[in-house]
Amino acid sequence: WTGQRWPKGSGEEGRPIVVDKYGEGAKPAIHGAGLYAETVRLFNQQYWEIGNLELTNAGAERATRRAVWIEAQDIGTARHIHLTNLSIHDVNGQTEVQDLESGGIIVRVTGNQTPTKFDGVLIENNTFADVDSTGIFVRSNWRNRDTRTDGVGPWLGMTNIVIRGNSLNRTGGDAIIVCEAAAPLIEHNVAANSYYDSVGYHAAIWAINTDDALFQYNEAYLTRNTLDGMGFDIDELCNRCVMQYNYSHDNEGGFMLLVGQRGEGTGYDTGGVVRYNVSENDGTALIQAVGRMDDYRVYNN
């Protein structure tokens, strides 16, 4: 199929709507061809499971575009979005500007009237290749707390976010970014050749403005550039985030970036833990700490 697939409606608890392949043979292919900003789209929908598709979105010129766009706007809580076993490749989004919303799978809370979040997003066992600029990006407009004031209202963390078993090769900027989440789980992902073609500051796998994230059993290697360019990052306004049992190697910027607020701080950027990781042949700075962080522990790496 060439064009956009935007199925309508929602399932219900215990009865999700399922889009998947059947029988033997190749995955059904949907080519966005740059005709739409996204190849697969859901808007204010819930209880969907989408799997085993091949998705591309390459236009004649670079623009803001992605393979999958999942959006919730002013509806309260959107539940149960599962994206599994997708083969995503050849998405020529923006690289001339720092456009985090171009890329592979983008999960976005927008709007400004009703505090809204996702609950129950599973992104599992997908492959990404030649995707610009971001592989997986989870972000909310409801993100303001302390020094973060560019959202529309107070922080509302998304819940039950799981990003697991994904393979990402050649993302123009970042491979996986998780923002505005409460206790997300990011595990068993492999990110190779991140930041191969972009501007600004990027790392392979990281969180910002998030609480109680657990990153474990991930591998990040061949992250380019030294404007960050780390394999892993716990960034500003993160509390009690844990990086453990990860493997970082051959990243030009180094292994681990830790970023806190500048200035006095008011109880955020606390309790981070970096332990039991392996860093091999990483460059520039193995561990770089910037800003104020309280009660961070880095041990047994």
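The values are calculated or read from the model by the stated rules, or taken from the named source; none is laboratory data. This one's a predicted model, so the numbers in the text were calculated from it and none came from an experiment. In this analysis, Cβ positions are derived from the backbone assuming ideal geometry, glycine residues included, and neighbour counts consider all displayed protein chains. We work out accessible area using only protein heavy atoms, side chains counted, and drop any ligands, DNA or RNA first. Shrake-Rupley method; radii C 1.70, N 1.55, O 1.52, S 1.80 Å.
Relative to the present Cα-Cα distance, how much length would full extension add between VAL152 and ALA33 at 0.36 nm per residue of separation?
Numbers: separation 119, 0.36 × 119 = 42.84 nm, distance 3.31 nm.
Separation in residues times 0.36 nm, less the Cα-Cα distance, equals 39.5 nm.
Amide H to amide H, which residues 5 or more places from ALA129 or on other chains are under 5 Å from it, using H placed in the peptide plane?
ILE88, HIS89, ASP90, ASN169
Please give the FRET efficiency for ILE287 paired with VAL97, using the beta carbon to beta carbon distance and R0 = 35 Å, rounded to the nearest 0.05.
Working: r = 30 Å, r/R0 = 0.85.
Working from the Cβ atoms, E equals 0.75.
Taking the solvent-accessible surface of protein heavy atoms with a 1.4 Å probe, what is the per residue accessible area of region 1-46 in Å²?
Each residue of region 1-46 exposes 65 Å² on average to a 1.4 Å probe.
Viscosity 0.890 mPa s, temperature 25 °C: give me the Stokes-Einstein translational D for region 1-60 in µm²/s, with Rh taken as the Kirkwood radius over C-alpha pairs.
On the way: Rh = 12.6 Å.
In µm²/s, the coefficient rounds to 195.
For LEU237, LEU227, LEU122, give me the order by solvent-accessible area with a 1.4 Å probe, most accessible first, ignoring ligands, DNA and RNA.
Working: LEU237 5, LEU227 75, LEU122 30 Å².
In descending accessible area the options line up as LEU227, LEU122, LEU237.
Got a sec? What order do TYR245, TYR47 fall in by accessible area at 1.4 Å, biggest, i.e. largest, first? If you can, show how the numbers build up before the last one.
Working: TYR245 100, TYR47 35 Å².
Reading off the accessible areas and sorting them downward yields TYR245, TYR47.
List, in order, the whole-Hz ³J(HN,Hα) value for each residue of region 87-93 obtained from phi through the Karplus relation with A = 6.51, B = -1.76, C = 1.60 and θ = phi - 60°; use x for Gly and Pro.
Taking θ as phi minus 60°, the curve returns 9, 10, 7, 6, 10, 9, x Hz for region 87-93.
What length, rounded to one decimal in nm, is gained on full extension from TRP1 through to ILE75, with 0.36 nm per residue of separation minus their alpha-carbon distance?
Working: separation 74, 0.36 × 74 = 26.64 nm, distance 3.10 nm.
The TRP1-ILE75 span can extend by a further 23.5 nm.
Each label point is 7 Å from the Cα along the Cα-to-Cβ direction; what then is the distance between the points at HIS188 and VAL18, in nm?
2.0
Any idea what the alpha-carbon Rg over 2.2 N^0.38 Å comes to for region 69-120? Walk me through the numbers on the way to the answer.
Values: Rg = 13.4 Å, N = 52, 2.2 N^0.38 = 9.9 Å.
This ratio for region 69-120 stands at 1.36.
List the residues of region 217-245 whose backbone N lies under 16 Å from a point placed 7 Å from the Cα of VAL199 along the Cα-to-Cβ direction.
Backbone N within reach: 227.
Roughly how much of SER279 is accessible, in Å² to the nearest 10, using a 1.4 Å probe?
50
Enter the accessible area per residue of region 90-146 (Å², integer; probe 1.4 Å; all protein chains in place). Mind dumping the intermediate values first?
Details: 1600 Å² over 57 residues.
I get 28 Å² per residue for this part.
List the residues, sorted by chain then number, that are 5 or more residues from THR77 or on another chain and whose placed amide H is less than 5 Å from its amide H.
When sequence neighbours closer than 5 places are left aside, the close amide H contacts are LYS117.
Provide the per-residue ³J(HN,Hα) series for region 179-189, in order, calculated from phi with Karplus coefficients 6.51, -1.76, 1.60 and θ = phi - 60°, each as a whole number of Hz, with x at glycine and proline positions.
Each residue's phi maps through the Karplus curve to give 10, 6, 10, 10, 6, x, 10, 10, 8, 6, 9 Hz.
So what are the ³J(HN,Hα) numbers for region 223-235, from phi and the Karplus equation (6.51, -1.76, 1.60; θ = phi - 60°), rounded to whole Hz, Gly and Pro as x?
5, 8, 6, 10, 7, 6, x, 7, x, 9, 7, 9, 9
Could you tell me what % of all Cα pairs in the chain have separations over 32 Å?
Numbers: 9502 of 45150 pairs.
Summing the P(r) tail past 32 Å for the chain gives 21 percent.
Using a 7 Å offset from Cα along Cα-Cβ at VAL278, what residues in region 231-254 end up with backbone N under 11 Å from the label point?
Those under the cut-off are 246-249.
Would you work out what percent of the accessible area of the chain, with all protein chains in place, is carbon or sulfur (probe 1.4 Å)? Can you show the working numbers first?
Numbers: 5560 of 11770 Å².
Answer for the chain: carbon and sulfur cover 47 percent of the accessible area.
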